[in-house]
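Heads up, the thing below is written out as structure tokens.
The values are calculated or read from the model by the stated rules, or taken from the named source; none is laboratory data. Keep in mind that what you see is a predicted model, and the values were worked out from it rather than measured. When we count neighbours, we look across all protein chains shown, and the Cβ atoms used for this are built from the backbone with ideal geometry, even at glycine. Just so you know, the surface numbers come from the protein's heavy atoms only, side chains and all, with ligands and any DNA or RNA stripped out. Shrake-Rupley method; radii C 1.70, N 1.55, O 1.52, S 1.80 Å.
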Amino acid sequence: MRKQKIIKKKNLTTPFIMMLFVTAILIFLNIQTLTYVLNTEKYYAVSTTTTREKSDGFTMIIPMVEYTYQYQGQTYKDSKYFVIQPLFGLSNKSGTVLDIYVNKKVPDRTLLREPFERNLVNWGLLILWIFFIYIFIQRIIGNHKINKNRRLQAGSDTEGQDVSDTKPNSKEKKEEKEAKKEETTSGK
């Protein structure tokens, strides 16, 4: 009997976990856009002009933007953190026009419009996500081939052997028992 080479199945969890990780980063980067898309009927699009750039009150490091806008005849003022917005091509310089979404029920709450297609990081993450899907599918196909080869190899190991010798059916068992009984009765 020849020595058989053991082929291990490929791990499916690594590309799956990486897909989840990339998805989480995409959601984090685009949370305002995702919020708007999931609640479109609750927001109204408005253009606004930034009044000044500033930093947060606690650490004085995180950039913020302050803007005023008009909604239903009233003037509102809001400020937002401005950390990832430059990735979307937005500027926090005074006088810059920004598109925002105003919450219809609570007009002093807004979302900045962050164009998904203008952020190169989004495109890079999408390409990486597609790459991990490709790896995941290739590993599924590879594992299927390994299982198929194992089944075929298991079937070829029994070739050349008399199948009735390895697995006798009930009819053959009855005939063997009757033959043994006849031998014992004839021997007496």
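Brief remarks follow.
- Of all the criteria given as (1) buried (at least 17 other Cβ atoms within 10 Å of the Cβ); (2) more than 21 Å from Ile27 (Cα to Cα), the one not satisfied by Thr51 is (1).
- Those residues of region 69-82 which are assigned to a loop (DSSP other than H, G, I, E, B) and surrounded by 12 or more Cβ atoms within 10 Å (Cβ to Cβ), in sequence order: Phe82
- Once region 54-68 is narrowed to residues that are of a type in the set (Ser, Thr, Tyr) and in a strand (DSSP E or B), the residue that is least open to solvent (accessible area, probe 1.4 Å) is Tyr67.
- Residue count for region 113-160 under the criterion of being acidic (Asp, Glu) and under 28 Å from Lys9 (Cα atoms): the result is 2.
Yes/no matrix, rows are residues, columns are (1) out of contact with any Pro (no Cβ under 8 Å at 6 or more places or on another chain); (2) open to solvent by 60 Å² or more (accessible area, probe 1.4 Å); (3) part of a helix (DSSP H, G or I); (4) modelled with pLDDT of 80 or more:
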{"residue": "Arg2", "(1), (2), (3), (4)": "yes, yes, no, no"}
{"residue": "Lys9", "(1), (2), (3), (4)": "yes, yes, no, no"}
{"residue": "Val22", "(1), (2), (3), (4)": "yes, no, yes, yes"}
{"residue": "Val37", "(1), (2), (3), (4)": "yes, yes, yes, yes"}
{"residue": "Ile100", "(1), (2), (3), (4)": "yes, no, no, yes"}
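- Tally, over region 80-131, of residues that are closer than 17 Å to Met64 by Cα and of a type in the set (D, E, K, R): 7
- Candidates in region 84-98 are the residues that are hydrophobic (A, V, I, L, M, F, W, C) and in a helix (DSSP H, G or I); of these, the one that is surrounded by the most Cβ atoms within 10 Å (Cβ to Cβ) is Phe88.
- Subset tally (residues that are farther than 16 Å from Asn30 by Cβ and either open to solvent by less than 80 Å² (accessible area, probe 1.4 Å) or in a loop (DSSP other than H, G, I, E, B) (or both)) for region 102-137: 13
Table: residues versus (1) in contact with a Phe, Trp or Tyr (Cβ under 7 Å, 6 or more places away or on another chain); (2) modelled with pLDDT of 90 or more; (3) of a type in the set (D, E, K, R).
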position	(1), (2), (3)
Val65	yes, no, no
Gln85	no, no, no
Glu114	yes, no, yes
Glu117	no, no, yes
